[in-house]
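First up is the structure itself, then whatever we jot down about it.
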Amino acid sequence: MEDSRLSRRGLLWGAAGVAGATVASGALSQLVRPEEKAKAALPIAKRRTPVAAGPPAALRTDHSVDYAPAVWVEASESNYTSSERPEAYPIEYVVIHLTTDILPIMLTKFKDPAERVSAHYVISSTGTRIAQCVRERDVAWHSGSVWYNYRSIGIEHEGWTDQPVYSDEMYEASAVLTATICAKYDVPVDRDHILGHVEVPLSTHDDPGTAWNWDKYMQLVETARPRIRT
């Protein structure tokens, strides 16, 4: 994104008219407010291309989500690696990302086979919308590290690092999702296993940025974790 990021943030769902129409007509319509579909989309910014560990296997047809509050908006089969985790690889980390784009554009990127990027989940800035784009058993290409990709779940959050607006609702929605993942895969709720993208070894990204409140976030995850049944 270039200029006026805060003003553009006011168009988070207004940009869905063009981008949303190309993403997933049924699923994305649940993520976009109908009265805002007519507004124009913002340009798509390029992201760093992660390295894949080989071609993905055949695309699955099971579209049920792993996390009940999420809506299924599948990434292109060219943007993730089919797997059978945690049997094939243990899930040991949750990696926190920031989109630097509005949610509909991120979903469009994940559906574009030329982008070679994806994440398991994307959460809106309001915390009221969650999209699942890759099944948890599969390997999303999100961290820039093949080793971490195979052993982590990636969660994108709608926003910008230079002018972040992290709502309480977004923190809470994300924390419950992370706590659910930690409970399901026995991931320790600590900063050694819940990482920012910037903390992945050799990362060239700085998200989720210095404004991300890790103390608040971890407290929310720790509070939610005991209430989740496995």
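The rows are residues; the columns are (1) hydrophobic (A, V, I, L, M, F, W, C); (2) touching a Phe, Trp or Tyr at 6+ places or on another chain (Cβ under 6 Å); (3) within 18 Å of Val198 (Cβ to Cβ).
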| site | (1), (2), (3) |
| --- | --- |
| Glu92 | no, no, no |
| Pro113 | no, no, no |
| Ser118 | no, yes, no |
| Ala131 | yes, no, no |
| Ala140 | yes, yes, yes |
| Tyr148 | no, no, yes |
| Gly154 | no, no, yes |
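Scanning the range 159-173 for residues that are modelled with pLDDT of 95 or more and not small (Gly, Ala, Ser) gives Asp168, Glu169, Met170, Tyr171, Glu172. Within the range 183-224, which residues are among the aliphatic types (A, V, I, L, M) and within 17 Å of Gly154 (Cβ to Cβ)? Scanning the range 183-224 gives Val187, Ile194, Leu195, Val198, Val200, Leu202, Val221. Take the residues in the range 115-162 that are over 12 Å from the mean Cα position of the chain (by Cα) and among the β-branched types (Val, Ile, Thr); name whichever of them is surrounded by the fewest Cβ atoms within 10 Å (Cβ to Cβ). That would be Thr128.
One line per residue, one yes/no per condition, for (1) basic (Lys, Arg); (2) part of a loop (DSSP other than H, G, I, E, B); (3) under 16 Å from His205 (Cα atoms):
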site: Arg85; (1), (2), (3): yes, yes, no
site: Pro113; (1), (2), (3): no, yes, no
site: Trp147; (1), (2), (3): no, no, no
site: Gly159; (1), (2), (3): no, yes, yes
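Residue-wise test of (1) in contact with a strand residue (DSSP E or B) (Cβ under 9 Å, 6 or more places away or on another chain); (2) modelled with pLDDT of 95 or more.
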{"site": "Ala45", "(1), (2)": "no, no"}
{"site": "Ala57", "(1), (2)": "yes, no"}
{"site": "Ser64", "(1), (2)": "yes, no"}
{"site": "Glu92", "(1), (2)": "yes, yes"}
{"site": "Leu107", "(1), (2)": "yes, yes"}
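The values are calculated or read from the model by the stated rules, or taken from the named source; none is laboratory data. The shown structure was predicted, so the numbers you read here are calculated from the model rather than taken from an experiment. Quick reminder, even Gly has a Cβ in these numbers, built from the backbone with ideal geometry, and neighbours come from all protein chains shown.
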